[in-house]
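*Asks:* This is the structure I have questions about; it appears just below.
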Amino acid sequence: MIEGIGEEKATARMRTADKARTAYVRRLYRANPAEASLYHLVIDSTAIPLEAVTEIILQAMSARSMVHS
């Protein structure tokens, strides 16, 4: 447990945050935030352990900086 709350409350918070973020991106950028082509990297952090997600992100950042240096 990351925030010390149960699965039901965490799911409700996630859905509320996702809806707000989607509305924000659609309104301000007129884009669908679920469109993977908008991002350099897409990771399903619910299917991969947090430590592995962190490592993937760090490796991607390192590779990207090598391309742009």
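The values are calculated or read from the model by the stated rules, or taken from the named source; none is laboratory data. Keep in mind it's a predicted model, so treat the numbers as computed, not measured. Here the Cβ positions follow ideal geometry from the backbone for every residue, glycine too, while neighbour counts run over all protein chains shown. Ligands, DNA and RNA are excluded from the accessible area calculation, which covers all protein heavy atoms including side chains. Shrake-Rupley method; radii C 1.70, N 1.55, O 1.52, S 1.80 Å.
*Asks:* Give me the accessible area per residue for the chain, probe 1.4 Å, as a whole number in Å².
*Replies:* 91 Å²
*Asks:* Hey, if you put +1 on the Cβ of every Lys and Arg and -1 on every Asp and Glu Cβ in the chain, which of HIS68, ASN32, ILE5 ends up farthest toward the positive end of that dipole?
*Replies:* Going by the charge dipole, the pick is ASN32.
*Asks:* State, to one decimal in nm, how far the label point of THR11 lies from the label point of THR54, with both points 7 Å from Cα in the Cβ direction.
*Replies:* Once both label points are built, they end up 2.8 nm from each other.
*Asks:* Counting only protein heavy atoms, what percent of the accessible surface of the range 1-56 is carbon or sulfur at a 1.4 Å probe?
*Replies:* 55 percent
*Asks:* Turning to a different aspect of this structure: With a ≥ b ≥ c the root eigenvalues of the C-alpha gyration tensor of the chain, is it rounded (a/c under 1.5), prolate (a/b larger than b/c) or oblate?
*Replies:* Because a/c hits 1.5 or more and a/b fails to exceed b/c, the chain counts as oblate.
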